[in-house]
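What follows is a single structure, written as structure tokens, with notes after it.
The values are calculated or read from the model by the stated rules, or taken from the named source; none is laboratory data. Source: prediction; values computed, not measured. Ideal geometry is used to build each Cβ from the backbone, glycine not excepted, and the neighbour counts take in all protein chains shown. Note: areas computed on protein heavy atoms with side chains; ligands, DNA, RNA excluded. Shrake-Rupley method; radii C 1.70, N 1.55, O 1.52, S 1.80 Å.
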Amino acid sequence: MFEFDSRVRYSEVDSKGQLTWLALMDYFQDCSVFHSEEVNLSVDYLAKNHIAWVLSSWQICVDRMPHLAEHITIQTWPYDMKGFYGYRNFAMKDEEGKRLAYANSVWVLVDVETGRPVRVPQEMAERYGLEPQLPMECSSRKIALPDYFEERTPFVVPSYFIDTNLHMNNSRYVQVALGYLPEAFQADEIRVEYRKAAVQGERLTPRVSRIDGQVIVALCAEDRTPDAVIEFIQK
């Protein structure tokens, strides 16, 4: 397991002084990057070997969002690697060790030159090590699309959404989708299925569906196929 300590910053909270979903996702994503750096499988290492970890799906659950200036610990650990898939859990805890949020994620190791998945090398799996899977009710990485959507105004992916893989960063899809939640809707769980990596300048059309207790946002390319599907669940 890899972990680091932090403190909730003013720039990470909403109007109620609580950590935002976007900041939570960035904490989890940063934790996995720090873990890779710690075991010498850094972003630079991956680039030199022409490979990259691409996120396939998220399932993030919140028990309680921490407040401004609260001390927190962020943790991550891989629990399985099969073929070209990597499976990783995350957790955020308060100063007393009580769990605030947790997540399951599925990643794919990709050859960046061909765009095709490649098997996880044994050496890489050994460097990361495996820990027991977090006990949680895991959803499918696939999100079923409803029959009816409302189309919203298309947008163009800006340069500041792009990460070192030259794709739209994982959390930015959720950042966009959050803007389509009803004002009174309070998400307790977010699922994301990434289908195709969006790039700078790509035109995406949000398609929004509201069903009892959930909102689904599909961010679709010009051929109307989703690049990503985000599901917000209110329990």
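Residues of the range 56-68 that are assigned to a loop (DSSP other than H, G, I, E, B), open to solvent by less than 50 Å² (accessible area, probe 1.4 Å) and touching a helix residue (DSSP H, G or I) at 6+ places or on another chain (Cβ under 8 Å): M65 alone.
Scanning the range 55-88 for residues that are touching a Leu at 6+ places or on another chain (Cβ under 8 Å) and among the aliphatic types (A, V, I, L, M), we see that the one that is farthest from L100 (Cα to Cα) is M81. Checked against the criteria, W53 counts as under 15 Å from the mean Cα position of the chain (by Cα) and open to solvent by 20 Å² or more (accessible area, probe 1.4 Å). The conditions of being basic (K, R) and either under 23 Å from D227 (Cα atoms) or in contact with a helix residue (DSSP H, G or I) (Cβ under 8 Å, 6 or more places away or on another chain) (or both) are not met by R7.
For the residues K93, K16, the requirement of being over 22 Å from L178 (Cα atoms) and open to solvent by 10 Å² or more (accessible area, probe 1.4 Å) singles out K93.
For D111, the conditions (1) within 21 Å of the chain's Cα centre (by Cα); (2) at pLDDT 95 or above are fulfilled apart from (2). The single residue among V118, V106, V112 that is touching a Lys or Arg at 6+ places or on another chain (Cβ under 9 Å), in contact (Cβ under 8 Å) with a residue 12 or more places away in the chain and either farther than 19 Å from F34 by Cβ or among the acidic types (D, E) (or both) turns out to be V106. Kindly indicate whether V43 is crowded, with 19+ Cβ neighbours inside 10 Å, more than 27 Å from P135 (Cβ to Cβ) and either of a type outside the set (S, T, N, Q) or touching a residue at least 12 places away in the same chain (Cβ under 8 Å) (or both). So V43 fails the test.
Would you pick out the residues in the range 149-187 that are in contact with a strand residue (DSSP E or B) (Cβ under 6 Å, 6 or more places away or on another chain) and at pLDDT below 90? Residue satisfying the conditions is N165 alone. Taking the conditions (1) in a strand (DSSP E or B); (2) open to solvent by 30 Å² or more (accessible area, probe 1.4 Å) in turn, V108 satisfies each one other than (2).
In the range 147-159, the residues that are of a type in the set (V, I, T) reach residues that are in a loop (DSSP other than H, G, I, E, B) and open to solvent by 90 Å² or more (accessible area, probe 1.4 Å) with C-beta atoms within less than 9 angstrom, at least six apart or across chains, in these pairs: V156/Q200; V157/Q200. Taking the range 5-25 as the range and being closer than 20 Å to N89 by Cα, in contact with an Asp or Glu (Cβ under 8 Å, 6 or more places away or on another chain) and of a type outside the set (A, V, I, L, M) as the test, only T20 passes.
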